[in-house]
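Asker: Handing you this structure, nothing more for now.
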Amino acid sequence: MPLACENIHATIGDYQRNYLYKVFIENVPEVVIARFPDALTLQKEIDIYNSKAIFPNRQTNEIKIPWSGEFFEIPGTDNSTRNADFEFFDDEPKKLYDFFMACKDLTGNEDNQASVYGVDAKFNMGVAKVSVDKETITAYRRLVGVRVYGLDASEVDKGGSDILKVKVSIRWDRNKEDYTKRGKKI
């Protein structure tokens, strides 16, 4: 018995590659701009430093209700992952480090261990999957209400020659699909 489609590649097309994505910072908190004036420039350049990200999942808890010897399963609360570590190459002028440190200080800093409450400390990030032509967005998720909770220390080594990376731990309130970006050029 033959396969249902004779030319799988022509029918399905190319598969998505895990390295074809782009990271965006959509807005920057005013407090960060006041402390770090290059934030708006970095907002446009952030993807050139990014080496690892995630495309967030969507998941719902189930509620099982026993009823007359059977179980009914109904959707419950949102159980999507709302945290991740993004990795970035450490740039020599330290623009990237300064930006994420300024954002991290909004969740608690070394001076007073206090955080900035509410929307003043949050920003939005976007993660786009990009087609194999490396120009067209195929899917876009907006991380809404992002806060930076940590910057991992870089391991430095006088005998090493590796590129330094910064791991940024973030949390967000929710993620939303943005269908208006699909098919747009980056």
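What follows draws every value from the coordinates through simple rules; no lab data is involved. What you see is a predicted model, and the numbers here were worked out from it, not measured in a lab. We place every Cβ from the backbone using ideal geometry, glycine too, and count neighbours over all the protein chains shown.
Asker: Sorting Lys122, Lys185, Lys167 on the 10 Å Cβ count, fewest up front, what's the list? Mind showing how you got there, number by number?
Answerer: Values: Lys122 20, Lys185 8, Lys167 16.
Ordered by Cβ neighbours within 10 Å, fewest first: Lys185, Lys167, Lys122.
Asker: Ranking Glu110, Glu135 by Cβ neighbours within 10 Å, fewest first, what do you get?
Answerer: Working: Glu110 6, Glu135 10.
Taking fewest neighbouring Cβ atoms as first place, the list is Glu110, Glu135.
Asker: Follow-up. Simple spin-label model, 7 Å along Cα-to-Cβ: Asn109 to Arg17 in nm?
Answerer: About 4.2 nm separates the two model spin labels.
Asker: Could I ask something else about it? Enumerate the calculated ³J(HN,Hα) couplings along region 31-40 in order (Karplus 6.51 cos²θ - 1.76 cosθ + 1.60, θ = phi - 60°), each rounded to whole Hz, writing x wherever the residue is Gly or Pro.
Answerer: 4, 6, 5, 5, 8, 9, x, 7, 4, 5
Asker: Please work out which option in [x] 19.2; [y] 19.9; [z] 18.3 gives Kirkwood radius over Cα pairs in Å calculated from these coordinates, and answer with its label.
Answerer: Matching entry in [x] 19.2; [y] 19.9; [z] 18.3: [x].
Asker: Another one. For the chain, what is the mean residue ellipticity at 222 nm derived from helices alone (per DSSP H run of n ≥ 4: -39500 (n - 2.57); sum divided by total residues; nearest 500 deg cm²/dmol)?
Answerer: Values: 4 runs with 33 residues, N = 186.
Roughly -5000 deg cm²/dmol at 222 nm, from the helical runs in the chain.
Asker: I've got another one for you. According to the square roots a ≥ b ≥ c of the eigenvalues of the Cα gyration tensor, what is the shape class of region 76-186, taking rounded for a/c under 1.5, prolate for a/b larger than b/c otherwise, and oblate for the remainder? It would help to have the intermediate numbers written out before the result.
Answerer: Details: a/c = 2.22, a/b = 1.20, b/c = 1.84.
Cα axes put region 76-186 in the oblate bin.
Asker: Now for a different question. Treat the count of other C-beta atoms within 10 Å as a stand-in for reagent exposure and order Met125, Met101 from fewest to most. Don't skip to the end; give the middle numbers.
Answerer: On the way: Met125 21, Met101 18.
Ascending number of Cβ neighbours within 10 Å: Met101, Met125.
Asker: Spin-label point model (7 Å from Cα, Cβ direction): what's the Lys52 to Lys176 distance in nm?
Answerer: A separation of 3.0 nm, rounded to one decimal place.
Asker: Please give the charge dipole size of region 67-132, origin at the Cα centre, charges +1 on K and R Cβ atoms and -1 on D and E Cβ atoms. Round to the nearest 20 debye. If you can, show how the numbers build up before the last one.
Answerer: Details: 6 positive and 13 negative charges, 46 e Å.
For this selection, approximately 220 debye.
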